[in-house]
Amino acid sequence: MYNSLTGTITEIRSSECCIDVGGVEYILSVTSGALQSLQPGSRQRLLVYLHHKEDAMKLYGFADETERTVFTKLLKVSGVGPSLAVKILSGLPSRRLASAIEEGDIASLSSIPGLGKKTAQKIILALQGTIVSADAAAGGPHGDIISALADMGFDRNAAAEAVRSLINKLPEDLDKEEAEGRLMREAIVLLSRGAGA
């Protein structure tokens, strides 16, 4: 129903933020990683997830698509609700969480406050092999470049498309650092021409 909210951050709390969108103020429950990137008075775009149950509706906000994808996958695990999913993502950033799940690292997962060993085992059994593919889909090997472009204000999907269209045009003799720098510069030029600015 909702994909994102863009507006002015009006208040930051321990695990929530308030965002004013056209005169309507929303309260979002957010991860600690998302909170770190927010400043009161700043204009932000946050990806959201609306959790609806019989007696309440609650909005959850995310820093990027990877974080939201992992959140929705965690919700499919028996015993993991949205509040616990936010705690898990606050305890381990999405990429570290993916590694812990793939490696079957129960100790790292169960070190998160509110997450016991039994639920950690359930998460590993249910999600092993699925989080990495979700992370790759959100950006693949060039996910950092796509995230940086999105942070600059470009549409994430347009940024991903621009990066994909430019990858095969790079000279083969460039080292990794040179290739990434050139890819970033050329993607900015392409997007600034109207492909998502």
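Data table
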quantity: Subset tally (residues that are open to solvent by 50 Å² or more (accessible area, probe 1.4 Å), among the polar types (S, T, N, Q) and farther than 18 Å from His52 by Cβ) for segment 71-93; calculated: 1
quantity: Filter result for Ser14 (surrounded by fewer than 12 Cβ atoms within 10 Å (Cβ to Cβ), over 12 Å from the mean Cα position of the chain (by Cα) and not in a helix (DSSP H, G or I)); calculated: yes
quantity: Residue match in segment 72-86 (condition: assigned to a helix (DSSP H, G or I) and of a type in the set (Gly, Ala, Ser)); calculated: yes
quantity: Among (1) at pLDDT below 90; (2) among the basic types (Lys, Arg); (3) farther than 26 Å from Asp155 by Cα - the single one Arg95 does not satisfy; calculated: (3)
quantity: Failed item in (1) assigned to a helix (DSSP H, G or I); (2) at positive phi, with Thr69 passing the rest; calculated: (2)
quantity: Residue among Arg96, Arg45, Arg68, Arg156 that alone is open to solvent by less than 30 Å² (accessible area, probe 1.4 Å), charged (D, E, K, R), closer than 30 Å to Gly181 by Cα and within 13 Å of the chain's Cα centre (by Cα); calculated: Arg68
quantity: Exclusive hit being free of Cβ contacts under 8 Å to residues at least 24 places away in the same chain and hydrophobic (A, V, I, L, M, F, W, C), set Val21, Val30, Val48; calculated: Val21
quantity: Wholly enclosed strands (runs of 3 or more DSSP E) of segment 23-65 bearing at least 1 residues touching a His at 6+ places or on another chain (Cβ under 6 Å); calculated: 56-62
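Matching residues to (1) more than 22 Å from the chain's Cα centre (by Cα); (2) at pLDDT below 80; (3) surrounded by 15 or more Cβ atoms within 10 Å (Cβ to Cβ); (4) of a type outside the set (A, V, I, L, M, F, W, C):
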{"residue": "Leu109", "(1), (2), (3), (4)": "no, no, yes, no"}
{"residue": "Thr119", "(1), (2), (3), (4)": "yes, no, yes, yes"}
{"residue": "Ile124", "(1), (2), (3), (4)": "no, no, yes, no"}
{"residue": "Ala137", "(1), (2), (3), (4)": "no, yes, no, no"}
{"residue": "Arg164", "(1), (2), (3), (4)": "no, yes, no, yes"}
{"residue": "Asp175", "(1), (2), (3), (4)": "yes, yes, no, yes"}
{"residue": "Glu180", "(1), (2), (3), (4)": "no, no, yes, yes"}
{"residue": "Leu190", "(1), (2), (3), (4)": "yes, no, yes, no"}
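The values are calculated or read from the model by the stated rules, or taken from the named source; none is laboratory data. Here the structure is a predicted model, which means the values were calculated and not measured. Virtual Cβ from ideal backbone geometry, glycine too; neighbours counted across all protein chains shown. The accessibility values were calculated without ligands, DNA or RNA, using every heavy atom of the protein model including side chains. Shrake-Rupley method; radii C 1.70, N 1.55, O 1.52, S 1.80 Å.
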